[in-house]
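Comments concern the structure below.
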Amino acid sequence: MKTIPFQNSRQLCRQGVRHLAVVRNITKRVSGIQDITKQTFHMEKIRPSLSLVSAEFEIFGKVQGVFFRKYTRDQGNKLGLKGWCRNTEAGTVEGVMEGTQDQVNMMKEWLRYKGSPQSRIDKAEFCNEKFIESPTFTTFGVKK
């Protein structure tokens, strides 16, 4: 961990630094009368792969009636993702997934190329990918 003198967030943004500040208060007794509190900021780089991401998906092909949602739910939970999936009236499966960038990328690959054993995936679309501060969902589930 690197200790640096105080810099405000604008200074850090101008420098293109993505850091997490942890504030520690250090109290000194001066002349036995007065307490002075000094703040030190410990800066840790946030790894982009640990930032939370949310993405929507829609899968086209033979994905209904072949346990695609069940396998998607199981794979999402296995990867530690949060979110949901459901059948659409158009014969596709749509959903939302939340997790680290690495987890989301692994799920994208699974949705594009693997799916359930009896499914046939013609196309996989992903949209509205964005960084989030905390998960919206508690598990990965199936919506009716």
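The values are calculated or read from the model by the stated rules, or taken from the named source; none is laboratory data. Here the structure is a predicted model, which means the values were calculated and not measured. Neighbour counts are summed over all protein chains in view; Cβ atoms, including those assigned to glycine, are modelled from backbone coordinates with ideal geometry. Heads up: the accessible areas ignore ligands, DNA and RNA and are worked out on the full protein's heavy atoms, side chains in. Shrake-Rupley method; radii C 1.70, N 1.55, O 1.52, S 1.80 Å.
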Report summary line: Over the range 54-77, the set of residues closer than 9 Å to residue 116 by Cβ and in contact with a Cys (Cβ under 6 Å, 6 or more places away or on another chain) is 69, 72
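Go through the range 57-77 and give me each residue that's in a strand (DSSP E or B) and of a type in the set (Gly, Ala, Ser).
61
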Requested in this report: Confirm whether residue 111 is at pLDDT below 95 and of a type in the set (A, V, I, L, M, F, W, C).
Outcome: no
Requested in this report: Grab the strands (runs of 3 or more DSSP E) fully contained in the range 78-140, keeping just those with 1 or more residues being farther than 17 Å from residue 64 by Cβ, open to solvent by 60 Å² or more (accessible area, probe 1.4 Å) and touching a residue at least 60 places away in the same chain (Cβ under 8 Å).
Outcome: 120-132
